[in-house]
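Student: Sharing a structure here in structure tokens format.
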């Protein structure tokens, strides 16, 4: 298990205030598509289950029932969504009925990625100032099998729902493990090379911790996620639990980017914000030029209206970049595209959705034998 020290700030930390990392490895993407054949997993529908809420854009209109399209087609529709958003302006309205246009980039836009990275920098500064040299970080990894018992690929939404079944159990176990110790956490949904998603959880602890303390947290995931198994959660592997003394100078250690097959301009990822940015995908690049696996994962998050990261309340408070003015009465009421105003859907945050259901034919008329 990795116990190498790492530096968040200090005389040996790189100056990340001027620029951020940028991705240079785009070889596996061609206008959002790989040159190789489409994998079987992309041919699966987003879900086989009923009662799942999805964006209306991924509804299969060729079906009589409310069913979703394939993962591959959903990714194509996500790309169309990105292209359609290029000339869209958000429309805000105040209590007097006055309207104004403003920029509100979607969460896959490079500008939004810049804001995410700024929040990570705020988290880094806040945690570093609050915990000082006592700061230790732990990175926990939670996965789930992407195939069924016959090795057939699972629908990606069903896989993601199964992966997150253990979320409440993980949080309770973490509270018990660190009872009496000040800590915050940030969970991140990240794609494997397959495009299926797994969870990384960064835990920031005010005081010394060891990897063995978090074994019960991993156990809570395996015991509460039907798709999880011990093979992928070996407690002796750095990829499952990695603990670092973040309050001291960093020594060269395991790089997540190398494990995920990602190349960067810099081979020194010394700060916490950079370290987490690897997982968040906050690179500032055109989302349509990202690797295919990341586009497929983004399409999955988009279709399900899920956010990529889940901060604790305390971590959210540290990430205070560009907070909303509590005294402002301006509200988002819609968008304007090509001179046309399109009102927002207040019940779904401006997103039209549908709920999956199978076709249920009506009962046949009764037969009169009288």
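The values are calculated or read from the model by the stated rules, or taken from the named source; none is laboratory data. These figures come from a predicted structure and were not determined experimentally. Reconstructed Cβ throughout: ideal geometry from the backbone, glycine too, with neighbour counts over all protein chains shown.
Student: Looking at 204, 214, which one is modelled with pLDDT under 95, in the same structural domain as residue 314 (by TED's automatic domain parsing), touching a strand residue (DSSP E or B) at 6+ places or on another chain (Cβ under 8 Å) and part of a strand (DSSP E or B)?
Tutor: 204
Student: Of the numbered conditions (1) modelled with pLDDT of 90 or more; (2) surrounded by fewer than 17 Cβ atoms within 10 Å (Cβ to Cβ); (3) in contact with a helix residue (DSSP H, G or I) (Cβ under 7 Å, 6 or more places away or on another chain), residue 168 satisfies every one except a single condition; which is it?
Tutor: (3)
Student: Condition (residue is at pLDDT below 80 and on the phi > 0 side of the Ramachandran plot) applied to segment 95-111: is it met by at least one residue?
Tutor: Yes, because at least one residue in segment 95-111 is at pLDDT below 80 and on the phi > 0 side of the Ramachandran plot.
Student: Since residue 184 meets every condition but one in (1) crowded, with 19+ Cβ neighbours inside 10 Å; (2) out of contact with any strand residue (DSSP E or B) (no Cβ under 7 Å at 6 or more places or on another chain), which condition does it not meet?
Tutor: Here residue 184 meets the rest and fails (2).
Student: On to the next question. Conditions: (1) at pLDDT 80 or above; (2) over 27 Å from residue 149 (Cβ atoms); (3) not in a loop (DSSP other than H, G, I, E, B). Residue 223 meets all but one. Number of the miss?
Tutor: All conditions pass for residue 223, except number (2).
Student: Ok, one more. Given the options 142, 92, name the one that is at pLDDT below 95, surrounded by 15 or more Cβ atoms within 10 Å (Cβ to Cβ), over 30 Å from residue 358 (Cα atoms) and within 19 Å of the chain's Cα centre (by Cα). Reasoning before the result, please.
Tutor: Numbers: 92 fails: within 19 Å of the chain's Cα centre (by Cα).
Exactly one residue qualifies, and that residue is 142.
Student: Would you say residue 175 is more than 22 Å from residue 202 (Cβ to Cβ), under 23 Å from the mean Cα position of the chain (by Cα), in a helix (DSSP H, G or I) and modelled with pLDDT of 90 or more? Explain how you work it out, then say what you get.
Tutor: On the way: more than 22 Å from residue 202 (Cβ to Cβ): no; under 23 Å from the mean Cα position of the chain (by Cα): yes; in a helix (DSSP H, G or I): yes; modelled with pLDDT of 90 or more: yes.
Here the answer is no, as residue 175 does not meet what is asked.
Student: What is the residue count in segment 172-181 for residues that are touching a strand residue (DSSP E or B) at 6+ places or on another chain (Cβ under 8 Å) and free of Cβ contacts under 8 Å to residues at least 40 places away in the same chain?
Tutor: 2
Student: So for segment 127-140 (the condition being without any contact (Cβ under 8 Å) to a residue 40 or more places away in the chain and not in a helix (DSSP H, G or I)), does at least one residue qualify?
Tutor: Initially, segment 127-140 is screened for residues without any contact (Cβ under 8 Å) to a residue 40 or more places away in the chain, giving 129.
Now narrow it down to the ones that are not in a helix (DSSP H, G or I): none.
No.
Student: Please verify whether segment 145-158 includes one or more residues that are part of a strand (DSSP E or B) and surrounded by fewer than 23 Cβ atoms within 10 Å (Cβ to Cβ).
Tutor: yes
Student: Would you check if there is a residue in segment 283-306 being more than 30 Å from residue 172 (Cβ to Cβ), at pLDDT below 70 and either in a loop (DSSP other than H, G, I, E, B) or out of contact with any helix residue (DSSP H, G or I) (no Cβ under 8 Å at 6 or more places or on another chain) (or both)?
Tutor: Yes: segment 283-306 contains one or more residues that are more than 30 Å from residue 172 (Cβ to Cβ), at pLDDT below 70 and either in a loop (DSSP other than H, G, I, E, B) or out of contact with any helix residue (DSSP H, G or I) (no Cβ under 8 Å at 6 or more places or on another chain) (or both).
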